[in-house]
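**Q** Encoded as structure tokens, here's the structure I'll be asking about.
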Amino acid sequence: MNYLAHLHLGGDTPSQLLGSLYGDFVKGPLDGRWPTDIEAAIRLHRRIDVFTDSHPLQARARARFPLARRRIAGMLLDLFFDHCLARDWGDYAAQPLQHFTARVYQVLAAEPALPGHLALVAPRMAAQDWLGSYREFTVLEQVIAGMQRRLSKPQLLDGSLGELADLYEPLSEDFRAFYPELMAFAEAELSRMSG
């Protein structure tokens, strides 16, 4: 899952929202560098990733891509599934997407010590409404271009937007089948962690 899904699944408190994002920016063992509640949210982020990567519905979705693309199909699915979540937000959340994203941006702006690269991207994330912009499929072109700039082999993503467009309906069906299961998993993990 990508940023929006992790934020949606990781809990509502500021610490949970922060930890849900930190999971993509904090690597290695958690050794008390962060407050306990933020580290708990990072652990949840990591469990969500493991659940997602090992799920049969996710494997089915990855198998829809051409063989040459399978190596990075997971990255593309994370991105596409965030698009599906933003597009269909009202099916999965009571709070309007723009209210949710505004709250996330406020929490980020209020945190003086964001880790590493997140400190650099958070202001742009808010100014350009990265989370809300995922509603529009065309935005994925810009996101993929940004991903290409960070890859050692950017050509791996050449033509990937066209493939996502060709696979739009079956991948949307995969999302609708998978996301409720992921929500149930995250809710059970949150309940276990707080209990």
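**Q** Here is a list: R62, R69. Which entry is more than 20 Å from A184 (Cα to Cα) and without any contact (Cβ under 8 Å) to a residue 24 or more places away in the chain?
**A** Just one listed residue meets the conditions, R62.
**Q** Which pairs turn up if I take residues in the range 84-112 that are in a helix (DSSP H, G or I) and look for partners that are of a type in the set (D, E, K, R) with beta carbon separation below 7 Å, at least 6 apart in sequence or on another chain?
**A** A86/R135; R87/R135; T101/D129
**Q** OK, next. Would you tally the residues in the range 50-92 being β-branched (V, I, T) and crowded, with 17+ Cβ neighbours inside 10 Å?
**A** Residues in the range 50-92 being β-branched (V, I, T) and crowded, with 17+ Cβ neighbours inside 10 Å: 2 in total.
**Q** Looking only at the range 93-130, which residues are within 14 Å of L7 (Cβ to Cβ) and either basic (K, R) or in contact with a His (Cβ under 7 Å, 6 or more places away or on another chain) (or both)?
**A** A93, R103
**Q** For the range 148-164, which residues satisfy the criterion of being surrounded by 11 or more Cβ atoms within 10 Å (Cβ to Cβ) and not in a loop (DSSP other than H, G, I, E, B)?
**A** Q148, P154, L156, L157, S160, L161, E163, L164 - these are the residues of the range 148-164 that are surrounded by 11 or more Cβ atoms within 10 Å (Cβ to Cβ) and not in a loop (DSSP other than H, G, I, E, B).
**Q** Against the definition (farther than 30 Å from R33 by Cα, aromatic (F, W, Y) and modelled with pLDDT of 95 or more), how does F80 come out, yes or no?
**A** yes
**Q** Listed residues A126, A73, A93; which is of a type in the set (A, V, I, L, M) and over 30 Å from L156 (Cα atoms)?
**A** Just a single option satisfies the conditions, and that option is A93.
**Q** Provide a single number: the residues in the range 115-147 that are in a loop (DSSP other than H, G, I, E, B) and modelled with pLDDT of 90 or more.
**A** Of the residues in that region, 7 qualify.
**Q** Just wondering, is there one or more residues in the range 18-35 that are in contact with a Gly (Cβ under 8 Å, 6 or more places away or on another chain), within 17 Å of W130 (Cβ to Cβ) and among the polar types (S, T, N, Q)?
**A** yes
**Q** Go through the range 11-45 and give me each residue that's of a type outside the set (D, E), farther than 23 Å from L140 by Cα and assigned to a loop (DSSP other than H, G, I, E, B).
**A** Scanning the range 11-45 gives G11, T13, V26, K27, G28, P29, L30, G32, R33, W34, P35.
**Q** Assess whether L164 counts as being closer than 23 Å to H99 by Cβ, out of contact with any His (no Cβ under 7 Å at 6 or more places or on another chain), hydrophobic (A, V, I, L, M, F, W, C) and modelled with pLDDT of 90 or more.
**A** no
**Q** Do we find that E173 is among the charged types (D, E, K, R), in a helix (DSSP H, G or I) and free of Cβ contacts under 8 Å to residues at least 24 places away in the same chain in this structure?
**A** yes
**Q** Let me ask you something else. Might you let me know whether the range 46-62 holds any residue that is part of a loop (DSSP other than H, G, I, E, B) and within 23 Å of Q148 (Cα to Cα)?
**A** No, every residue in the range 46-62 fails to be part of a loop (DSSP other than H, G, I, E, B) and within 23 Å of Q148 (Cα to Cα).
The values are calculated or read from the model by the stated rules, or taken from the named source; none is laboratory data. Owing to the predicted nature of the structure, the values given are computational and were not obtained by experimental measurement. Neighbour counts are summed over all protein chains in view; Cβ atoms, including those assigned to glycine, are modelled from backbone coordinates with ideal geometry.
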